[in-house]
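One structure is given below, encoded as structure tokens.
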Amino acid sequence: MKYLTLLFCVWITQCFCKDFAPIKDKPIFITGVAGFIGHGLADKLLELGYDVYGCDILSDYYDLNLKRDRVKRLEAKGLHFYRLDVRNIKELTPLFLQLQFDDLVHLAAQPGIRHSLTHPQDYIDHNIDAFLQVLELCKKLKKTRLIYASSSSVYGDIQLFPQHEEMNVSSPNSLYAATKIADELFAKVYHHVYGLQSIGLRFFTVYGPWGRPDMAHFMFTQAIDSGKPVMLFDGGRLYRDFTYIDDIVNGIIGVIYSNLQFEIMNLGKGNPDKIGDLVTFIEQKLGKKAVVVEKPLNKTEVYKTYADISKAKGLIGYEPEVDLKTGVGLYIEWYKSYYNTR
Ligand SMILES: NC(=O)c1ccc[n+]([C@@H]2O[C@H](COP(=O)([O-])OP(=O)(O)OC[C@H]3O[C@@H](n4cnc5c(N)ncnc54)[C@H](O)[C@@H]3O)[C@@H](O)[C@H]2O)c1
């Protein structure tokens, strides 16, 4: 009977996942809503009829205009935006008590693997301390489920592929990865001790319109477009499981629609591409040739990321749809219109 109920829940979730039923006025809260993934998620939830609240500190880690433009766009569609540090629990608590969110999607963080070499304290502040405050907030609220961003970087340089959730993730290559592993462990403790529901999502190299300027797809596009050199670690022979933003957003919404209580789950494409192929697709779309400069591997770069997505497929009916060539095409169309019209 228990098994039949579980199958029924999975089937219902899968139906929703393919074509999300509109939900009117259900309040949901997103931290890091001015960020790349936060913006994509809020955009889709607003379209589905959710009442979306969100906060962001608007850090200047990358172009603040891009973050402001994302917020402006979302506010025009109905986002309730708070410029707030998630560690400011004093201000957040009354709002949460008033609106009783079922789900808190925590995406706020200091991202970037290379930046963690030069700014280690940012990762302690925004990935560890901030996460602890979010856990404490959820503990106080009792009913709110936490859906939070982890990362493929937790797998470090594990040379077994595809990478699945049961693998031992105790050998991170960067401080950034270490903070994401710590978050997963903190969430486990809060589930064990306080029964806090949480779903950790290990995102794999997300790209697409409104993407981050510190990531390869932006840096390569900008360099190729302006005739500047493209720096390629190991000549582009590394692999990444590049995942299009809409697929990631559909995965997160699949979790929101589900009854999952405590999980850690990969969200990737499940099919890695060579970084050199990313360069080729950008060249083709821009109609310009890249000037490639090879760089030796540094200690924080891993050879390959490759998501095993069978768990997400089974639990939420997750089915990524966008291949790298198509996604790069969509990204460059956005890039041209956004950066040429400002
Ligand atoms: N983009 C990817 O490829 C990728 C891959 C793996 C994991 N992730 C994770 O997904 C999440 C979202 O990533 P993203 O690509 O949208 O990054 P992003 O930098 O675009 O967004 C993060 C946002 O969080 C905000 N922020 C940081 N600290 C804050 C704080 N203390 N309080 C409030 N806001 C704060 C920043 O201002 C930023 O706008 C992050 O947790 C990141 O580590 C992203």
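The values are calculated or read from the model by the stated rules, or taken from the named source; none is laboratory data. The shown structure was predicted, so the numbers you read here are calculated from the model rather than taken from an experiment. Cβ atoms come from the backbone with ideal geometry, glycine included; neighbour counts cover every protein chain shown.
Structural remarks
- Among the residues of the stretch 19-43, the one identified as assigned to a loop (DSSP other than H, G, I, E, B), over 12 Å from the mean Cα position of the chain (by Cα) and within 16 Å of the ligand (Cβ to nearest atom) is Ala34.
- Test set (1) touching a Gly at 6+ places or on another chain (Cβ under 9 Å); (2) within 15 Å of the ligand (Cβ to nearest atom); (3) outside any helix (DSSP H, G or I); (4) within 23 Å of Ser310 (Cα to Cα) - Ser170 fails condition number: (2)
- One residue from Asp125, Asp43, Asp102 being at pLDDT below 95 and not β-branched (Val, Ile, Thr): Asp102
- Residues of the stretch 62-78 classified as in a loop (DSSP other than H, G, I, E, B) and crowded, with 17+ Cβ neighbours inside 10 Å, total: 1
- Scanning the stretch 246-277 for residues that are among the charged types (D, E, K, R) and closer than 22 Å to Thr144 by Cα yields a count of 1.
- Residues of the stretch 109-157 satisfying the condition of being free of Cβ contacts under 8 Å to residues at least 60 places away in the same chain, touching a Phe, Trp or Tyr at 6+ places or on another chain (Cβ under 7 Å) and among the aliphatic types (A, V, I, L, M): Leu132, Leu137, Leu141
- For the stretch 46-78, filtering for residues that are of a type in the set (Gly, Ala, Ser), more than 19 Å from the chain's Cα centre (by Cα) and within 21 Å of Ile256 (Cβ to Cβ) leaves 2.
- Hits in the stretch 315-342 (condition: in a helix (DSSP H, G or I), under 20 Å from the mean Cα position of the chain (by Cα) and surrounded by fewer than 17 Cβ atoms within 10 Å (Cβ to Cβ)): Thr326, Trp334
- Qualifying position, being among the charged types (D, E, K, R), outside any loop (DSSP other than H, G, I, E, B) and either modelled with pLDDT of 95 or more or more than 18 Å from Gln159 (Cα to Cα) (or both), among Arg212, Arg202: Arg202
- Filtered by the rule that a residue be hydrophobic (A, V, I, L, M, F, W, C), within 22 Å of Asn65 (Cα to Cα) and in contact with a Lys or Arg (Cβ under 7 Å, 6 or more places away or on another chain), the stretch 187-235 gives Trp210, Phe218.
- Residue in the stretch 142-149 that is near the ligand (Cβ under 9 Å from one of its atoms) and within 19 Å of the chain's Cα centre (by Cα) present: yes
- Breaking point among (1) touching a helix residue (DSSP H, G or I) at 6+ places or on another chain (Cβ under 8 Å); (2) within 13 Å of the ligand (Cβ to nearest atom); (3) part of a helix (DSSP H, G or I), for Leu135: (2)
- Leu160 being away from the ligand (no atom under 13 Å from the Cβ) and under 28 Å from Asn250 (Cβ atoms): yes
- Among the residues of the stretch 139-173, those that are surrounded by fewer than 23 Cβ atoms within 10 Å (Cβ to Cβ) and closer than 17 Å to Leu117 by Cα comprise Gly156, Ser171, Pro172, Asn173.
- Within the stretch 135-177, if we keep just the residues that are farther than 24 Å from Pro272 by Cβ and among the charged types (D, E, K, R), the residue that is modelled with the lowest pLDDT turns out to be Lys142.
- For the stretch 215-237, the criterion of being among the hydroxyl-bearing types (Ser, Thr, Tyr), surrounded by fewer than 20 Cβ atoms within 10 Å (Cβ to Cβ) and part of a helix (DSSP H, G or I) is satisfied by no residue at all.
- Residue count, the stretch 44-59 (criterion: within 15 Å of the ligand (Cβ to nearest atom), within 27 Å of Thr93 (Cβ to Cβ) and either among the aromatic types (Phe, Trp, Tyr) or surrounded by fewer than 24 Cβ atoms within 10 Å (Cβ to Cβ) (or both)): 4
- Taken together, the residues in the stretch 79-131 that are within 14 Å of the ligand (Cβ to nearest atom), surrounded by 18 or more Cβ atoms within 10 Å (Cβ to Cβ) and over 21 Å from the mean Cα position of the chain (by Cα) amount to 1.
- Odd one out for Met215, checked against (1) in contact (Cβ under 8 Å) with a residue 60 or more places away in the chain; (2) near the ligand (Cβ under 8 Å from one of its atoms): (1)
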